[in-house]
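The values are calculated or read from the model by the stated rules, or taken from the named source; none is laboratory data. All values reported here derive from a predicted model rather than from experimental measurement. Heads up, the Cβs are rebuilt from the backbone with ideal geometry, glycines too, and the neighbour counts pull from every protein chain shown. Ligands, DNA and RNA are stripped out before the accessible areas are found, and what is left, the full protein with its side chains, is counted by its heavy atoms. Shrake-Rupley method; radii C 1.70, N 1.55, O 1.52, S 1.80 Å.
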Amino acid sequence: MSFTLTHRLFLSPPQRTHLRFTFKPHTLKPIVSSPSKPSYRPIVSSLSHNSEHLSVTQAKPRWENMLSTAASLYPLYVTVGGVVACFKPSAFAWFVERGPSSYSFSLGLIMLAMGLTLELKDLLNLFTQRPLSILFGCVAQYTIMPTFAMIISKTLGLSPSLSVGLILLGCCPGGAASTVVTFIARGDVSLSTVMTVCTTLGAVILTPLLTMVLAGTYVSIDAIGLSISTLQVSPILFFASCDLRLGDVVVAPVLLGSYLQSTFPLVVKMITPFAPLFAVLLSSLLACSVFSGNVVRFNSSIGNASLVSDASLVSRLQSLLSGGVGAVILSVMLLHFTGFFVGYISATICRFREAERRAISIEVGMQNSSLGVVLATTHFTSPVVALPPAMSAVIMNIMGSSLGFFWRQISGSKQELEDQE
């Protein structure tokens, strides 16, 4: 009896438990447990990492990436157009002769194209969730540029007419091209758009007031006349007018584009990839047309008639960079560089996100040079006053688009920028 008892206790139960203990854990360790640790975790990690990347860039078709790359070549388009406008201004005569309606229509199309890239909820959330960003950007716009325009004009010893033109340029609101450049730089396009709207609203009062305060020591300035002209060419207050003036429609196209984005998503999804390139090309055309339509007009006043003569390319370039024009080019470059740099540094000090810093920097550094040209030619007797805004049309776009291209190359998407904060 004792033998059978011990046999059963020894044979059946221990043998089965022994088999379970030695065989099954042995197979689970090499097959399930150990291979799963080195193979399972990296797969999940790589998938989670690549899934974000795919959703931002690699998920796009190849033709969309080609369009995006073509839009980022904004500096090339403006540079080539500026050279053509400088040495053969008649190439843009068809566009200039139809101004200012052609300028107004172009600005409206640019803002409509950029509005297609936005959603209406993004604009509304900006007002409700980040009002300080808007306020800071608007204050920076009307403090940094006017102040440094006066400092640069005094430092370089510009003539009174050129000083007034540079100060007038610094007191202008942000331009529509800043939204396009912000898109290229992967900045906050919603913030850039709202800043353009708000600074243009404020331009009716602030542009004449600041111009009178800062440039009133050089010439007598009719602040009320400047205010009325700014009101007439305002891209906001006259957007319902049938007579399209310079920059007449900014808010309406943006809201229309955002409305179409939410109402007809499938149609807009097919058009949206083409919108940035369209806005870039139209901005380049507008900038070069403003440049060609005004610079040549001042040849006799600035003693630079050789630009339209039969001189060689080298002599034309030397003539362009010498004398007063060279000083204007230098002063305009310094003004816009200061706007980009100080705008970014101030936004960084105030701890804004990277996408907001870029938007504020670009918005502060890029002015509505077309408005500056209109005000200069309307209210000042000397045609030289309009020279800094006219030069800025090309120089500003080259500098701003180059900065946007640089930022686009050194960083990822807007979502990745937000994830790094």
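Of the accessible area of the range 174-229, computed with a 1.4 Å probe over protein heavy atoms only, carbon and sulfur atoms account for 74 percent.
Only protein heavy atoms count here; under a 1.4 Å probe, residue 399 has an accessible surface of about 40 Å². Simple spin-label estimate for residue 88 and residue 101 gives 2.8 nm between the two label positions (7 Å along the Cα-to-Cβ direction from each Cα). Descending by average beta-carbon neighbour count within 10 Å, the peptides 389-396, 135-142 line up as 389-396, 135-142, the highest first. Taking square-rooted eigenvalues a ≥ b ≥ c of the alpha carbon gyration tensor, is the range 100-166 rounded, prolate or oblate, where a/c under 1.5 means rounded and, failing that, a/b exceeding b/c means prolate? Because a/c hits 1.5 or more and a/b fails to exceed b/c, the range 100-166 counts as oblate. Taking only the Cα atoms of the range 97-208, the radius of gyration and Dmax are 16.0, 48 Å.
One chain, two ends: residue 69 and residue 128. Fully extended at 0.36 nm per residue, the span grows by 17.9 nm beyond their Cα-Cα distance.
Net length available on complete extension from residue 121 to residue 274 is 52.9 nm, with 0.36 nm assigned per residue and the Cα-Cα distance removed.
Full extension of the segment from residue 220 to residue 341, taken as 0.36 nm per residue of separation minus the current Cα-Cα distance, would add 40.4 nm.
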